Amino acid sequence: MANIDNTGSTHGARIDEATGVETVGHEWDGIEELNNPLPRWWLWSFYACIAFAIGYVVVYPAIPLLDRGTPGLWGWTSRGQLAEESALAEQQRAGVMARLAATPIEQLPRDPALMQAAVDGGRAAFRVNCVQCHGAGAAGVPGHYPNLNDDEWLWGGDLKAIERTIAHGIRQPSDDQTRSSLMPSFGRDGLLTAPQKDDVTSYVRTLSGLEKPDASSGRGAELFAANCAACHGPAGRGDRQFGAPNLTDAIWLYGASREAIGATLTNAHAGVMPAWAGKLDPATIRMLAAYVHSLGGGEDFAPTSPSTPKVATDAHR
Amino acid sequence: MHTAEPGGSALLYQKRKSIFPKAVKGKFRSIKWGWMGVTLAIYYVTPWLRWDRGPYAPDQAVLVDLAHRRFYMFSIEIWPQEFYFVAGLLIMAGIGLFLVTSAVGRAWCGYSCPQTVWTDLFQHVDRLVDGDRNAQIRLQNAPWSVHKIGKRVLKWSIYLVISFWTGGAWILYFADAPTLVRDFWSGQALPVAYSTVAILTATTFVFGGFLREQVCIYMCPWPRIQTAMLDESSLIVTYKGWRGEPRGSLKEAKAAETTLGDCVDCNQCVSVCPTGIDIREGPQIGCITCALCVDACDQVMAQLGRPRRLIDYATLEGCERELKGEPPENVLKAILRPRTLVYFAVWCAIGLGLLFALGTRKHIDLSVAKDRNPAFMLMSDGSVRNAYTIKLRNMENRPRPMEVTLNDIPQAVMWSDDMPRSEADRSLVRVVPADQTEPMRVFVIAPPRTLPQDFHFKLRAIDTDGSGDSEKTRFDTPGESE
């Protein structure tokens, strides 16, 4: 233990016999350290790293100041790089966007690649502009916003109808092509008395088999023909011209219970959607329409290509 | 190696001792020549080998196709998700190194390591341009002159050509070699090709031309690991001190009173050493066991008429037997010992496992991802629809027609997003292009009041092979669970 030296001096240094190398002079429980020097090229690599670091600090933003960092000679910023890359991506998309803008939407399915590009672009645009109301899965919110996955469409479910709905919105007074209609508030405005409302409710619920016909629904049928059939049709199948929903199917945006239907008869509903024509460019609106149409309920689907070789299948069987 | 300064204080940084290894002839030099030829040929020629895979796949025998995420090696084609094959090969390479090290010592360092092979190559360039050891030392110490500058420029130019060729060969493993060479010289190759060649040219130039043994001694972890794996039965290059000592020249031997050992202190073993060590100091980290000192010493011993192999490829055990005068052990017995056999068994087991996995792997695969938002969809007629993203994978180099079938839920039908719902059926057929994955979006619709349940999609190739796959997934409905 004689060699322990807290002053850091190397008076205990000696030449190690086995290697011929000097020790650093410290000993810990018999373990000593050889004083092997680093190679000189290592030192030069170290200097080269310092030189590189100085160069980096000069040309790139590096030193934080009070409100911003030093800009660096090359003026590089991550925001600038993002803008550059976004511009490049825009440029690469320009061809597709131009073709989209020039192709009437009902002709899109004839070009499967363009259709696919539209669906993909629409998916991205939907996430930015539509999910706030319709939800990330486009399943809507019962009582508020319709589900876009199903096959029930208030204003039409083919590509062209969907595109128009998105472009001009629903019940937007500032847009002269907007989808518009107004169901009367039968209860609130005294057009139907409370018992009459009950009867109409009974009749409406028989249309989709929720209730069995009885005396109340019989009275309701007459009231329906007089007050409702103009828009909802004599059989209650709705009319897309007025956005009047089909009352005979299983889908009820505002609910199918007696209370819910009664409330609708009392106060009516008039959902709104913005007109996107002024906010989004026509190609984006076209992409959104293609995406919504692709969710599984789109109507008038024209098969794009015989990608399902039915005949070949049978031959192979 | 690093002795203290005479004054007592060591230098903080070690100046590199220039090494001018002398040319030598002998058994191990010949082995090194041959093996250098083999390794360099493997490296430079492999990308040019062709292998016919039909019209849908590249015909390069060994190709790492990063752009399309495929790895081709002769008849084997590996997809990214099968990277465990590559991992297996790397593990085999690792165990193989253990095996080689425990059997024949640091043979990797001495013969096969690229750093050794290229350093050897560059040292031959030195001899070609500057002459052998003494001429090299003379030129090094000579003042700068037109002659010296000319020699240096010539030597470094040859270094550069070799380095460029080395860097250039590397990129050929990553693209079709003939096309890439054409593109490279016509300036049409990708920037990454040029930068890779530039970087590898620079590293080869610096590591092979200048840093050489410094890489082994200071940078490489492998000498440390190998050193730890050696035992008294491992072959190492060693100096038989009991025979050689006390050393002395012939003149000193005459003058000496006692008999001197066989070592005449001619320093030939030191002058031929590519890492500049003195093997007579004993086994050390700087020794890559290239055995050139064995060749050099054998030459001298032969001239003096003394027994050869004063410096020898030997095991420590063998040396002890020789010292005691016992007959040497059978070489095979030294190599075939439990340690090497265990390494060999593990190495073989991994190899056989990989071969088995390769032979039995499926070339057709189905994967199903169910839509979770929304989990199910109530349609206007009360029926329930679920949506799935299905991927059909065809790993063969030919297009294959494949049929996806709904296996359960008797009344359900399905259609995909590129066909009208009116054509919905129990099965769908797609032709999956050669060597590709075909994604499909599939809607499955079941009558009202269907209960939530698990079911299977089945995939079958409807060509002659008829191989297939199936995957379980879930059908959600608003009804009560089963």
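Projected over all directions and averaged, the alpha-carbon convex hull of segment B:84-207 occupies 11.2 nm².
Once you reduce segment B:90-138 and segment B:284-339 to the center of their Cα atoms, the two points are 20 Å from each other.
Taking the C-alpha atoms only, the angle from helix A:159-168 to the longest principal axis of chain A is near 80 degrees. Take every Cα pair under 8 Å whose residues are at least 6 apart in sequence, average their separation, divide by the length of segment B:295-405, and the relative contact order is 15 percent. Dipole check for segment B:1-147: with +1 at the C-beta of Lys and Arg, -1 at the C-beta of Asp and Glu, and the Cα centre as origin, the magnitude is about 660 Debye. Taken as Cα centroids, segment B:415-482 and segment A:123-182 sit 29 Å apart, rounded to the nearest whole angstrom. Sequence-ordered 3J(HN,Hα) estimates for segment B:426-434 from the Karplus curve with 6.51, -1.76 and 1.60 and θ = phi - 60° stand at 7, 9, 10, 10, 9, 9, 8, x, 4 Hz, glycine and proline given as x. Residues A:50, B:462, ranked from the fewest to the most other C-beta atoms within 10 Å, line up as A:50, B:462.
Please give the average number of partner chain Cβ atoms lying within 10 Å of the Cβ of each residue in B:370-379, rounded to a whole number.
Partner Cβ neighbours, averaged per residue: 5.
Overall, segment B:97-250 carries a charge dipole of about 580 debye about its Cα centre when +1 sits on the Cβ of Lys and Arg and -1 on the Cβ of Asp and Glu, all other atoms neutral. An ellipsoid equivalent to the protein assembly as shown, defined through the eigenvalues of its Cα gyration tensor, has semi-axes of 82, 32, 27 Å when rounded to whole angstrom and sorted largest first. Around the amide H of residue B:247, modelled in the peptide plane, lie the amide H atoms of B:261, all under 5 Å away and 5 or more residues distant in sequence or on another chain. Of the trypsin sites (Lys or Arg not before Pro) found in segment B:314-410, those in coil by DSSP whose Cβ has at most 13 other Cβ atoms within 10 Å are B:361, B:362, B:372.
A dipole drawn for chain B from +1 and -1 charges on Cβ atoms has a positive end, and of B:78, B:166, B:30 the residue lying farthest that way is B:30. Taken over segment A:20-175, the convex hull of the Cα atoms encloses 393 Å³ per residue.
Cβ-Cβ distance of residue B:381 and residue B:190, R₀ of 60 Å, FRET efficiency by 1/(1 + (r/R0)^6): the value works out to about 0.65. For chain A, the longest principal axis of the C-alpha atoms and the axis of helix A:215-227 are separated by about 80°. In chain A, Cα pairs under 8 Å separated by at least six residues give a relative contact order of 20 percent.
When the C-alpha to C-alpha distance is required to be over 22 Å, the pairs from B:27/B:151; B:32/B:333; B:251/B:324; B:362/B:458 that qualify are B:27/B:151; B:32/B:333; B:251/B:324. If R0 is 51 Å, the Cβ-Cβ spacing of residue B:438 and residue B:349 corresponds to a FRET efficiency of close to 0.85.
Here's how it looks for residue B:60: its modeled amide H is under 5 Å from those of B:51, which are all 5 or more places away or on a different chain. In a reduced charge model with +1 at each Lys and Arg Cβ and -1 at each Asp and Glu Cβ, chain B shows a dipole moment near 1800 debye about its Cα centre. Using the Karplus relation 6.51 cos²θ - 1.76 cosθ + 1.60 with θ = phi - 60°, the per-residue 3J(HN,Hα) values for segment B:50-62 come to 10, 8, 6, 10, x, x, 9, 9, x, 9, 8, 4, 10 Hz, with x marking Gly and Pro. Under 5 Å between amide hydrogens, built in the peptide plane, is the criterion, and for residue B:402 it picks out B:430, B:431, B:432, B:462 among residues at least 5 positions away or on other chains. Summary value for chain B: 14 percent relative contact order, contacts being C-alpha pairs under 8 angstrom separated by 6+ residues. Shielding by partners for peptide A:36-43, expressed as the average number of C-beta atoms from other protein chains within 10 Å of each residue's C-beta, is 6. Normalised radius of gyration (Cα atoms, divided by 2.2 N^0.38 Å) for chain A: 1.89. Seen against the Cα atoms of chain A and their longest principal axis, helix A:40-59 is set at about 40 degrees. Semi-axes of the equivalent ellipsoid of chain B are 66, 28, 19 Å, computed as sqrt(5λ) over the eigenvalues of the C-alpha gyration tensor in descending order. Applying 0.36 nm per residue to the separation of residue B:252 and residue B:451 and subtracting their alpha-carbon distance, the gain on full extension is 61.3 nm.
Placing +1 on the Cβ of each Lys and Arg and -1 on the Cβ of each Asp and Glu in chain A, which of A:76, A:105, A:248 has its Cα farthest towards the positive end of the resulting dipole? Ranked along the dipole, the leading option is A:248. I need the shape label for segment B:203-249. Rule: rounded when a/c is under 1.5, else prolate if a/b > b/c, else oblate, with a, b, c from the alpha carbon gyration tensor. It comes out oblate by the Cα gyration axes. Given B:107, B:434, A:263, which one lies farthest toward the positive end of the charge dipole of the protein assembly as shown, if we put +1 on the Cβ of every Lys and Arg and -1 on the Cβ of every Asp and Glu? Result: B:107.
Legend note: in chain B, cysteines whose Cβ sits 4.7 Å or more from every other cysteine Cβ are B:109, B:113, B:216, B:220, B:263, B:266, B:273, B:287, B:290, B:297, B:319, B:348.
The numbers here are math on the coordinates, done by the rules we state, and not lab data. Here the structure is a predicted model, which means the values were calculated and not measured. Quick reminder, even Gly has a Cβ in these numbers, built from the backbone with ideal geometry, and neighbours come from all protein chains shown.
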